[in-house]
Protein chains: 2
Amino acid sequence: MDNEAANFEICSCNVIHEDVVNRVRKNMIDDDEATDLAEFFKVFGDETRIKILNALFSSEMCVCDIAALLDMNQSAISHQLRKLKQARLVKSRRDGKVVYYSLNDEHIEQVFHQGLSHVRE
Amino acid sequence: MDNEAANFEICSCNVIHEDVVNRVRKNMIDDDEATDLAEFFKVFGDETRIKILNALFSSEMCVCDIAALLDMNQSAISHQLRKLKQARLVKSRRDGKVVYYSLNDEHIEQVFHQGLSHVRE
DNA sequence: GTATTATATGAACAATTGTTCATATGTTCT
DNA sequence: AGAACATATGAACAATTGTTCATATAATAC
């Protein structure tokens, strides 16, 4: 029977609602997409990066200015900016020695503020 | 001078655009709020929890069914559900021995899908 | 009461992450 | 060319995180 197959030692308990599980399974996100999405949110999951993003809502900024604003050293900020850039949350442009960072698109601000309204509830 | 104060060894480089920094500082998020927001997004930043949330878009589910769906043991799922509940992303109701979990509000799905449209770009 | 089942939880461990330090790269100015 | 400055990056370390295992709690059935 199907029920016996489902009980195949997946967890210490048995599948209780096989119909629900089968129906939900049809709508499940791909493994790859779940990984990408988790990686995306991980980038938001750090106080320093939250502050950097929040700062960039106001203005593009160079690395030194962000470091001064957040009272952190240049290296730490640079490492974080790299992560933000790899996740395509920010973009950069170079002007001489100075590299300016800014938000990559408006999705970012929307996600940010949706999160903010949740935590403010 | 103000400029000398600003150069006060905050980072290895100097503040380049003091006016920008001062203006941005006015719009900065509180430390506490930044922490809360980062904590909120951290909860989204895990593949297992992403899948659990995605599953709950389709239907409320009990712990066993989620464990079976994701092919993980009951304890791992229970730990993750606790985190989701602490962050108020899911709520639970007990019916006899079985505890059913469901999404706490629609914010969650909005954040989720905004993130998804970013990673799909 | 005991047995069984569903869920929760604490401890331990491996894996990941953020910051610091030292140093490298890239650009401008002299 | 070399000096000065802004930024990037690799290695190391501490701190955090997710899973597993063992066990505890809670509800039902006998």
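The values are calculated or read from the model by the stated rules, or taken from the named source; none is laboratory data. Worth saying up front: this structure is predicted, and the values here are computed from it rather than measured. Quick reminder, even Gly has a Cβ in these numbers, built from the backbone with ideal geometry, and neighbours come from all protein chains shown.
Before moving on, here are some points about what is shown:
- Scanning the range B:35-44 for any residue that is within 11 Å of DNA strand D (Cβ to nearest atom), under 14 Å from the mean Cα position of the chain (by Cα) and more than 7 Å from every other protein chain (Cβ to nearest Cβ) turns up at least one such residue.
- Check on B:Val90, of a type in the set (A, V, I, L, M, F, W, C), within 13 Å of DNA strand D (Cβ to nearest atom) and touching a strand residue (DSSP E or B) at 6+ places or on another chain (Cβ under 6 Å): no
- Pairing each residue of the range B:94-121 that is in the same structural domain as B:Leu84 (by TED's automatic domain parsing) with any residue that is at pLDDT 95 or above and of a type in the set (S, T, N, Q), provided the two are 6+ apart or on different chains, yields C-beta distances under 7 Å for B:Val99/B:Ser92; B:Tyr100/B:Ser92; B:Tyr101/B:Ser92.
- Qualifying positions in the range B:84-101 - under 17 Å from the mean Cα position of the chain (by Cα) and either buried (at least 16 other Cβ atoms within 10 Å of the Cβ) or not in a helix (DSSP H, G or I) (or both): B:Leu84, B:Ala87, B:Arg88, B:Leu89, B:Val90, B:Lys91
- Number of the exception - A:His107 against (1) surrounded by 16 or more Cβ atoms within 10 Å (Cβ to Cβ); (2) modelled with pLDDT of 95 or more; (3) within 30 Å of B:Leu69 (Cβ to Cβ): (2)
- Condition check for B:Lys83: more than 7 Å from chain A (Cβ to nearest Cβ) and either over 18 Å from B:Ile108 (Cα atoms) or more than 12 Å from DNA strand D (Cβ to nearest atom) (or both): no
- Output for the range B:72-86, where each listed residue is near DNA strand C (Cβ under 6 Å from one of its atoms) and touching a residue at least 24 places away in the same chain (Cβ under 8 Å): B:Leu81
- Some residue of the range A:23-32 being more than 22 Å from the chain's Cα centre (by Cα), closer than 20 Å to B:Ile50 by Cα and buried (at least 17 other Cβ atoms within 10 Å of the Cβ): yes
- B:His118 satisfies every condition listed in (1) more than 10 Å from DNA strand D (Cβ to nearest atom); (2) surrounded by fewer than 20 Cβ atoms within 10 Å (Cβ to Cβ) except (2).
- Filter pass, A:Ala55 being assigned to a helix (DSSP H, G or I), at the interface with chain B (Cβ under 7 Å from one of its Cβ atoms), surrounded by 21 or more Cβ atoms within 10 Å (Cβ to Cβ) and within 13 Å of DNA strand C (Cβ to nearest atom): no
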